[in-house]
Amino acid sequence: MPAFNWDDLQVLLAIDRAGSLLAAARTLGLSHSTVARRLAAAEASLQATVFVRRGKKLVRSDTAEHVLAHAQRIEAEIAAFTRIAGGSDARLSGEVRLAAPMALLSDLLIDRLAAFRAAFPEIVLTLLADLSLDSMLNGDIDIGLRISKPVADRLDIRRLSDCTFALYGAPAMAALARNAIKAGATRDVPFALLTDERPHLPESIWMRQLFAGAEPVLRASTSLLLRTTAQSGLAVVALPAFLGDQSAGLERIATTPPGPREQLYIVTNRAQRGVARVRAVVDFLVQSLAAERPLLSGAQPNE
């Protein structure tokens, strides 16, 4: 499958708005044959038919709704990021090192980076899955995302969102857990925890209270490993809602008390306040994560 060319998003949106290849070509200032070729290339990359002919017009296919909705979102984000860039150095460039929990990077932020790249092609992001305050203070990391509030005099700390944790399991294990919770017999439910290196985390304390008197059947070093454990049907686990609610094959399990509601913070070194490329990434993260607050806070569809 050929790699998707992000420039072809403009072609798809122009066709969608104009209703024909010729009208889209005029809008874009391209030839009819170029627009036709780029549409064919985009559909080959997506392995989907985006438009079908209805009379003299091209209209969205049944499978195109999600593709074009994402294209519109990326177009809007590029426009927003370009406006941000216009107010600072127009030649933003260089490396920005971002440290965050692996699950946050892999399941929430990665999908948005194409829009950032389009707006700031000379900024190179380095993603790191480990954040220590010493690394921030020493300048080894430019920006950090943390699900706990750090304390340090030389750091700028900004709260972005709530971050709710909940109990998750595969369908059969979730049913077992619900019955056990109703009967007050949670000791009979297999559960997994993060490793003993982090017993102070609120979600670990909550799980120990929920399954008081029982021992975990497995320990893992990351939330992503806990997710895989739950998906296998081996045990129930505590996950942040942004991870658990989006994970195939998992169900959220209501508990009393509910999972902890923690906070997501963005952290920068005060010495970086005047660095334009760092400001651009911070603005991108603030905007992107603001759009995901319902998911981060664990809001259910009817809430």
Just to confirm a number: summing +1 for Lys and Arg and -1 for Asp and Glu over residues other than residue 15 whose beta-carbon lies under 12 angstrom from that of residue 15, what do you get?
+3
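Expressed in nm to one decimal, what extension gain is obtained for the pair residue 127 and residue 140 from 0.36 nm per residue of sequence separation less their Cα-Cα distance? If you can, show how the numbers build up before the last one.
Details: separation 13, 0.36 × 13 = 4.68 nm, distance 1.22 nm.
This chain segment gains 3.5 nm when fully extended.
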Fully extended, how many nm does the chain gain between residue 217 and residue 185 (0.36 nm per residue separation, minus their Cα-Cα distance)?
9.9 nm
Ordered by residue, what ³J(HN,Hα) values in Hz, to whole numbers, does the stretch 253-270 give under the Karplus form 6.51 cos²θ - 1.76 cosθ + 1.60, where θ = phi - 60° and Gly and Pro are x?
10, 5, 9, 10, x, x, x, x, 9, 9, 10, 9, 10, 10, 10, 9, 7, 4
PRE reach from residue 22 (point 7 Å along Cα→Cβ): which of the stretch 37-66 fall under 13 Å by backbone N?
56-58
Between (i) 31.6; (ii) 25.5; (iii) 22.0, the structure-derived Kirkwood radius over Cα pairs in Å is (iii)
Given backbone amide H placed at 1.01 Å from N, residues whose amide H is under 5 Å from that of residue 163, ignoring those fewer than 5 places away on the same chain, are 262, 263, 264
Take every Cα-Cα distance within the stretch 8-84, group them into 10 Å bins from 0 onward, and report for each bin the whole-number percent of pairs it holds.
19, 52, 26, 3, 0
Correct response: the longest run of the chain lacking exposed trypsin sites (Lys or Arg not before Pro), defined by DSSP loop and at most 12 other Cβ within 10 Å, is 155-272
Can you give me the long-range amide H partners of residue 58? Hydrogens built in the peptide plane at 1.01 Å from N, cutoff under 5 Å, separation of 5 or more residues or another chain.
20
Which percent, to the nearest 5, of DSSP beta bridges fully inside the chain are antiparallel?
65
For the stretch 192-293, using Cα atoms only, the Rg and Dmax in Å read 17.1, 53
HN-Hα J in Hz across the stretch 208-223 - Karplus 6.51, -1.76, 1.60, θ = phi - 60°, x for Gly and Pro
5, 5, 5, 10, 4, x, 10, 10, x, 7, 7, 10, 9, 8, 9, 5
Give the span of the stretch 121-244's Cα atoms along each principal axis, as three whole-Å numbers ordered largest to smallest.
54, 33, 24
What does the helix-only formula give at 222 nm for the chain: each DSSP H stretch with n ≥ 4 adding -39500 (n - 2.57), the total divided by the residues, and the result rounded to the nearest 500 deg cm²/dmol?
-12000 deg cm²/dmol
Amide H neighbours of residue 124 at under 5 Å, excluding residues fewer than 5 places away on the same chain, with H built from the backbone geometry, are 94, 95, 96
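Here, each number is a calculation from the coordinates, and none is a lab measurement. It should be emphasised that the depicted structure is a prediction, and the values quoted were computed from it without experimental measurement. All Cβ positions, even for glycine, are placed from backbone atoms using ideal geometry, and neighbour counts span all protein chains on display.
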